[in-house]
Amino acid sequence: MLVNSIGITMIVMAGLYFIWFKYRAVLREQNEALPEREALTIESLIHQVKHSLHEISHSQLADAGLHEEEYRRRVNQRAEMRKALKGCVSGSISDKTYVKNLIADLLTRTIGLNKSNADEVMMFAEPERLTVQDRFEIVFYLYRQQFGTDALSRMIDTYDLGKLRLEANSEDGGSYYISEQDIQYVFECEYRELEFREKVEIIVQRIYQSYKGFSVVDEIRDQRIDGVSGGVNGIPDVLPHMNHYTPASWNDLLEHAFEDQQYEEPLSGVQSVWIFYKGKSIHLSFLSFGSTRELKRVCQNIYKYNYPGQLSEASGYKVNEMKDGSRVVVVRPPFAESWAFFVRKFDIPNASLEQLITGNNAQLPIQLLQYLMKGSRITAVTGAQGSGKTTLLMAMVKHIYASYTLRVQEMAFELQLRRIYSRRNILSFRETEHISGQQGLDLQKKTDGTVNILGEVASDEVAAWMIQMSQVASLFTLFTHHAKTFRDLVFSLRNSLLKTGMFQHEHIAEEQVVSVINFDVHMKKDAEGRRYIERITECIPHAGPSGMAQERDGFASRNVVEYRDGTYVANAALSLSSITEMREQMTLQDAEHFARFIGQHWGEDQ
């Protein structure tokens, strides 16, 4: 019996071992047959999101056997999705939000992003392994949660990132930039453990900006700053002026340059993200587009709101606006040495004289500008690029009598006057491929305009038309110009009249200009980026008494308001003819207030 029991036990054990051995073999074969799970990376998720969205937008709903109501609902959802996918690249925040929510839903419901694998995509659990872009986008996300569109400005101001950097042994006057070390410091101060929802939102933004958005500047563009640009520094892929150098000789040239200390270590053309903030151009040197292909993708998409035409080698630049009113300029080779874009934003909610003009005795220029508008004075707003001309012009329009009709001519729709003054009679025109600025200006004569506004007098034709229009066709005109001095403004407009053939004699052309322009408001930006009105100048058609700055025999000028050491001061008094003509254009109440204003600052005898 004992022998039989032992034999049976051994047989059973041998059988169990055989079964276990076969099971392990089968399990091994199954594991070898299964494909290795694809690592979760931003690139793999982008691929899966693209594939999923393509499937959704191209699936045959008619074959799904849906009830009529469900079929109609699915059709509407798909139409809304397609519309959002097209609109999100035009600066539409609502379309962008829709697409990001759609991506988040795909990631968590379909693709399988969860709490256990989110850290594979970005190393949230190991902060020391995060890239500088990761760190910036995490901190930027935390700031956006708290401050919204003011997040970037809060971050810059909190850590004093907008200061002028003076390098040791440097004689270039310094520059503005935010470095990788700056971002590392901000990250160490601000980072905290993130919830799964927050990780998903950060991952979604990274996927969105690489798929449909504007790469590393996508969220930056939405911030309340003055602008953002890319592709404007670093060594471009194509150097037209260096074509005779072979790659080897070009490298030799750089090596010798560095040995001679003529140049800094060169940056790539894709390490080129700049913001325009409080009048300063700041290089975000820690950010990169990663490749010329990515910079090119941004340039090819960022200008396409309302389909302004194709950017091509033959048409090497485009000027357009985005859905939120931002102005965008895009250039490409061979017209430019590299692909580049420039987005200028205008702070519409803050477009008031009180918010734009600050400093001691700021009420003096504020009130004078108000009375110039009520007094229907033809006024130029001059200054360098970025000095605040357009924004000031937007604010001045508020003080034109609301009953007046306004007609606007621009290169791109950047004044956005109907967004600010939606109840007023305002219509804007711009140049297109088939309609010139001159044709648009000619048409304005037939649109019952009381006040003409020119976003910028940048060509001889527009300058000549502006002079002509101001003489006969409208009550008064406002325009911007890049002139540095009042003398330059007069001479530039005079030369435009001569070039277009309207006048043959220099003296007569000059007389026409000075007979039209009443005042010049000159904007300036200092080294720290502060904007202010340097002077408000009255144009006097003929030389007059002392106190006027004699320019030429045909005209003189007087600075009625000047900015001195942080304070606005009343200088030379307004001419009696200007005061009289302005009061004639005002209501009785405004004329009385204007008289008191003149008496307060320049004396009762005016």
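Cross-link partners among lysines for Lys278, C-alpha distance below 18 Å, same-chain residues fewer than 8 apart left out?
Within the straight-line limit of under 18 Å, Lys278 reaches these lysines: Lys163, Lys345, Lys389, Lys524, Lys525.
Amide H to amide H under 5 Å from Glu431: which residues, 5+ apart in sequence or cross-chain, H placed 1.01 Å off N in plane?
Correct list: Glu410.
Taking the mean number of other Cβ atoms within 10 Å as a proxy for protection, how do you rank 333-345, 183-195, 297-309, 366-378 from highest to lowest?
Final packing ranking: 366-378, 333-345, 297-309, 183-195.
Apply the Karplus parameterisation 6.51 cos²θ - 1.76 cosθ + 1.60, with θ equal to phi minus 60°, to every residue of the range 104-111 and state each ³J(HN,Hα) to the nearest whole Hz, in sequence, with x for glycine and proline.
Calculated HN-Hα couplings, in order: 4, 5, 5, 4, 8, 9, 10, 7 Hz.
Could you let me know the centre-to-centre spacing of the range 281-328 and the range 551-592, using Cα atoms, in angstrom?
About 43 Å separates the Cα centre of the range 281-328 from the one of the range 551-592.
Around Val561, which amide H atoms from residues at least 5 apart in sequence, or from another chain, sit under 5 Å from its own amide H, with H modelled in the peptide plane?
Correct list: Ile536, Asn571.
If one computes the Cα centroid of the range 106-176 and of the range 404-473, what distance in Å separates the two points?
Rounded to whole Å, the Cα centres lie 42 Å apart.
Identify all lysines with a Cα-Cα distance to Lys212 below 19 Å; exclude those on the same chain that are fewer than 8 residues away in sequence.
Result set, ordered by chain and number: Lys50, Lys83, Lys86, Lys96, Lys100, Lys296, Lys304, Lys323.
Tabulate in residue order the Karplus-calculated ³J(HN,Hα) for the range 70-77, using 6.51 cos²θ - 1.76 cosθ + 1.60 with θ = phi - 60°, rounded to whole Hz; enter x for Gly and Pro.
Along the range 70-77, the couplings run 5, 4, 5, 5, 5, 4, 5, 5 Hz.
Is the range 92-158 best put as rounded, prolate or oblate by its Cα gyration tensor, with a ≥ b ≥ c the root eigenvalues, rounded for a/c under 1.5, and otherwise prolate when a/b is larger than b/c, oblate when not?
oblate
What's the FRET efficiency of Glu70 with Gln310 using the Cβ-Cβ distance as r and R₀ = 30 Å, to the nearest 0.05?
Between Glu70 and Gln310 the formula returns 0.15.
Arranged from highest to lowest average of other beta-carbon atoms within 10 Å per residue, in what order do the peptides 121-133, 381-393, 150-162 appear?
Averaged packing, sorted descending, gives the order 381-393, 150-162, 121-133.
FYI, it's all coordinate maths here, none of it is from the lab. No experiment lies behind these values; they were computed from the predicted model shown. FYI the Cβ positions are ideal-geometry reconstructions off the backbone, even for glycines, and counts take in every protein chain you see.
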